[in-house]
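Remarks on the structure that follows.
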Amino acid sequence: MTDIEKPSNFIQQIISADLDANRVETVVTRFPPEPNGYLHIGHAKSICLNFGLAEQFNGACNLRFDDTNPEKEDDEYVQAIIEDVKWLGFDWADEPKFASDYFGQLYSWAQYLIGEGKAYICELNAEDMREYRGTLTEVGKNSPYRERPAEESLALLEQMKQGAVDEGTMTLRAKIDMASPNINMRDPVMYRIKKMAHHRTGDTWNIYPSYDFAHGQEDAIEGVTHSVCTLEFAANRPLYEWFTSNLPLPSVPRQYEFGRLNINYTVTSKRKLKQLVDEKHVDGWDDPRMPTISGLRRRGVTAAAVREFCDSLAVAKTDGVVDLAQFEHFIRTDLNDNASRAMCVLNPLKITLSNYEAGKEEILTAAGHPNRDDLPSRQLPFGREIYIDQSDFSEDTTLSRKKFKRLVIGEYVRLRGAYVIRADEVIRDDAGEIVEIIGSYVPDTVGENPPEGIRPRGVIHWVSASNCIDCDLYLYENLFTEAAPDAGEGSFLDHLNPQSLQIIKNCKAELGLGEAVAGQQYQFEREGYYCLDGKHSSADKLVFNRTIALR
RNA sequence: UGGGGCGUCGCCAAGUGGUUAAGGCACCGGGUUUUGAUCCCGGCAUCGGAGGUUCGAAUCCUCCCGCCCCAGCCA
């Protein structure tokens with residue numbers, strides 16, 4: 001234990017205290033997503049927290065699917081979630097767990113509560129139940145079915161289970177307190193009828209447990225000691241405790257809440273993300289603009305960057321909005337440290353070096369990374385014709401050296417990893433557009449300073465015109481134009497950024513990029529971080545996604 | 001409005017009666033640099049408000065203000 005001086009969050013403090021006081025022997029946490037959508041960056045914080053806690057205290061963390069509502073759940077989501085958690089670098093104890101594995105146990109616990117006179121079958125319909133519940137300021141009224149004999153409730157529950165009762169006509173409710181100031185305690189629903197196939201249990205069940213009746217018990221079954229969830233569940237804690245203390249459970253878990261992660265210029269709500277996908281505003285759950293784990297992965301963000309970012313986040317009870325820039329900082333840091341360097345010209349402008357022998361080609365060697373010898377060096381063909389970016393040449397010769405560190409007629413510039421060159425003449429087409437630059441190179445300047453008197457304005461990237469590959473680049477911007485897409489009147493969709501995707505075709509990339517594989521990150525020098533897109537790339541056309549621009 | 005929770009720099013935050021009120025992001029200066037990147041130096045708050053307790057308070061008390069969550073047979 002060398003991390004004693006590390007500041008700890010309130011949950012770590014609670015766990016330490018529990019361990020010291022022998023209230024718990026081994027720490028067990030869990031990450032409990034409902035398989036009704038893909039995981040997003042907000043889940044990543046919870047994943048890092050829960051798995052991190054288990055790791056830190058030498059305990060275990062379960063991956064558990066809270067699949068208590070077949071209506072919105074699907075195995076597609078289960079598989080995607082498993083893949084995402086693995087990708088983030090975490091592993092869980094044993095096999096993934098499912099709430100649906102405990103349906104039988106939950107059912108008998110429901111029978112137990114009925115037997116104890118603490119639950120009853122209610123025949124109020126949804127509308128009436130709402131009315132009986134009261135409001136924030138008015139207490140509720142007892143259901144007319146509240147004092148029904150246990151035997152009757154037991155029989156009705158069995159009928160509900162068998163499918164003999166219509167949906168919406170009966171529920172099993174906990175008998176707690178209709179006058180409680182906490183609305184969650186006003187006889188909450190434990191079971192409702194849903195005659196619907198479940199992605200795992202098929203049509204075995206016609207009734208399904210509610211979140212409140214399931215969660216604490218799932219935790220207890222698994223021996224979870226610290227059940228960490230987000231703030232909005234704080235009001236459910238008394239109910240969580242009511243069930244854990246009124247049922248003969250194998251253990252008594254405790255619930256703690258922390259603030260959910262919010263990031264500006266994005267939305268982190270499964271419902272909204274699903275809407276973006278369903279209404280085709282994006283290319284799917286893994287669209288590189290999505291804050292989903294799969295979207296970030298396709299975008300080129302590394303798992304390490306996501307983890308570092310999450311670890312930088314406070315685990316507290318405040319509900320703030322983290323600046324996107326903070327996330328981007330960790331993305332850039334990791335990519336800067338690990339991405340191989342390469343050159344790619346987005347908007348090619350040909351330069352012919354008049355004093356370079358026609359037909360000659362030499363192979364220059366460039367470092368794979370400025371300060372990492374372990375990354376392989378690159379072979380760069382160099383010849384009489386090269387491409388530079390249009391934005392790296394200006395006809396305005398009055399621009400100061402400080403303001404424009406690029407190519408200008410009559411002046412010099414260093415081609416990164418290659419020669420110092422000079423621009424001599426501009427060639428135009430009939431429309432007056434610049435189509436080519438005639439220039440010259442300064443011999444013996446590869447890896448060497450140019451002779452006295454020649455002062456390059458700067459360093460620009462380039463690519464051999466006769467020996468390069470074509471590719472398309474997908475540049476991404478924020479999906480939303482507003483920092484808080486959710487705020488204000490209308491829909492968050494009103495703030496979709498029409499320029500969130502810009503495709504640049506026919507870019508010229510250095511030869512080595514032809515061997516790029518999906519998921520491999522590169523820094524296109526002076527441009528940004530990119531990675532090959534497995535979905536859009538084909539044998540004859542490579543597509544790179546821009547993960548993020550350089551600062 | 002009843003209940004629950006929260007308010008420390010532009011953003012995220014540490015702080016648990018005595019510290020020059022950490023740190024990160026952002027921003028602004030300056031240096032290095034064959035990426036206008038990286039890197040390196042430097043700058044950047046008196047703690048929602050008002051009272052009070054105390055030798056001493058961001059930390060304790062009182063009142064006030066503001067924000068978030070709960071009235072699904074969602075999770």
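The values are calculated or read from the model by the stated rules, or taken from the named source; none is laboratory data. No experiment lies behind these values; they were computed from the predicted model shown. Neighbour counts are summed over all protein chains in view; Cβ atoms, including those assigned to glycine, are modelled from backbone coordinates with ideal geometry. Accessible surface areas use protein heavy atoms only, side chains included; no ligands, DNA or RNA. Shrake-Rupley method; radii C 1.70, N 1.55, O 1.52, S 1.80 Å.
Using the scaling law 2.2 N^0.38 Å as the reference, what is the normalised Cα Rg of region A:341-466?
After normalising by residue count via 2.2 N^0.38 Å, the value is 1.05.
With every protein chain kept in the model, how would you rank A:Glu232, A:Glu385 by accessible area, 1.4 Å probe, largest at the top? Don't jump to the answer; show the numbers that get you there.
Numbers: A:Glu232 95, A:Glu385 70 Å².
From most accessible down to least: A:Glu232, A:Glu385.
Under 20 Å between alpha carbons, and skipping anything fewer than 8 positions from A:Lys194 in its own chain: which lysines qualify?
Partners found: A:Lys72, A:Lys161.
Using the 4.7 Å Cβ rule, please list in number order the cysteines from chain A without any candidate partner.
A:Cys61, A:Cys122, A:Cys229, A:Cys344, A:Cys468, A:Cys471, A:Cys507, A:Cys531
About its Cα centre, how strong a charge dipole does region A:98-209 have in debye, to the nearest 20, once Lys and Arg get +1 and Asp and Glu get -1 at the Cβ? All intermediate terms of the calculation are to be shown ahead of the outcome.
Values: 14 positive and 16 negative charges, 50 e Å.
Here region A:98-209 has a charge dipole of around 240 debye.
Per-residue accessible area for A:Lys505 at 1.4 Å probe radius, Å² rounded to 10?
130 Å²
State to the nearest 20 debye the size of the charge dipole of chain A about its Cα centre, where the only charges are +1 on K and R beta carbons and -1 on D and E beta carbons. It would help to have the intermediate numbers written out before the result.
On the way: 61 positive and 87 negative charges, 169 e Å.
Charge dipole of chain A: 820 debye, to the nearest 20.
Using a Cα-Cα cut-off of under 21 Å, which lysines could be cross-linked to A:Lys317, ignoring same-chain neighbours fewer than 8 residues away?
List returned: A:Lys6, A:Lys45.
List the lysines whose Cα lies under 18 Å from the Cα of A:Lys505, skipping any in the same chain that are fewer than 8 positions away.
Partners found: A:Lys350, A:Lys535, A:Lys541.
Taking the highest mean first, how do the peptides A:405-414, A:361-370 order by number of other beta carbon atoms within 10 angstrom per residue?
Ranked from most to least packed, the peptides come out as A:405-414, A:361-370.
Send over a whole-number figure in Å² for the accessible area per residue of region A:126-202, probe 1.4 Å.
On the way: 4120 Å² over 77 residues.
Per residue, region A:126-202 has an accessible area of 53 Å².
Sort the following peptides by mean Cβ neighbour count (other Cβ atoms within 10 Å, averaged over residues), highest first: A:269-279, A:485-495. If you can, show how the numbers build up before the last one.
Numbers: A:269-279: 15.5, A:485-495: 13.3.
For the peptides A:269-279, A:485-495, the packing ranking is A:269-279, A:485-495.
Per residue, how much accessible area does region A:2-106 show when a 1.4 Å probe rolls over the protein heavy atoms, in square angstrom? Please report the intermediate quantities before stating the final value.
On the way: 4490 Å² over 105 residues.
Solvent-accessible surface per residue comes out at 43 Å².
Return the carbon/sulfur percentage of the accessible area of chain A, one whole number, probe 1.4 Å, all protein chains in place.
Details: 11530 of 25130 Å².
Summing carbon and sulfur atoms, their accessible area is 46 percent of the total for chain A.
Rank by packing, highest mean first: peptides A:440-451, A:181-192, with packing defined as the count of other Cβ atoms within 10 Å averaged across residues.
On the way: A:440-451: 14.8, A:181-192: 18.8.
The packing order, highest mean first, is A:181-192, A:440-451.
Given a 1.4 angstrom probe, what's the average accessible area per residue across region A:323-415, in square angstrom? Present the calculation step by step, with values, prior to reporting the outcome.
On the way: 4590 Å² over 93 residues.
Accessible surface, normalised per residue, equals 49 Å².
What is the Å³ per residue value for the convex hull set by the Cα atoms of chain A? If you can, show how the numbers build up before the last one.
Details: hull volume 111.6 nm³, N = 551.
Measuring per residue, one finds 203 Å³ for the Cα hull of chain A.
Along the positive direction of the dipole of chain A (beta-carbon charges: Lys, Arg +1; Asp, Glu -1; about the Cα centre), which of A:Phe544, A:Ile503, A:Ile331 reaches farthest?
Value computed over the given set: A:Ile331.
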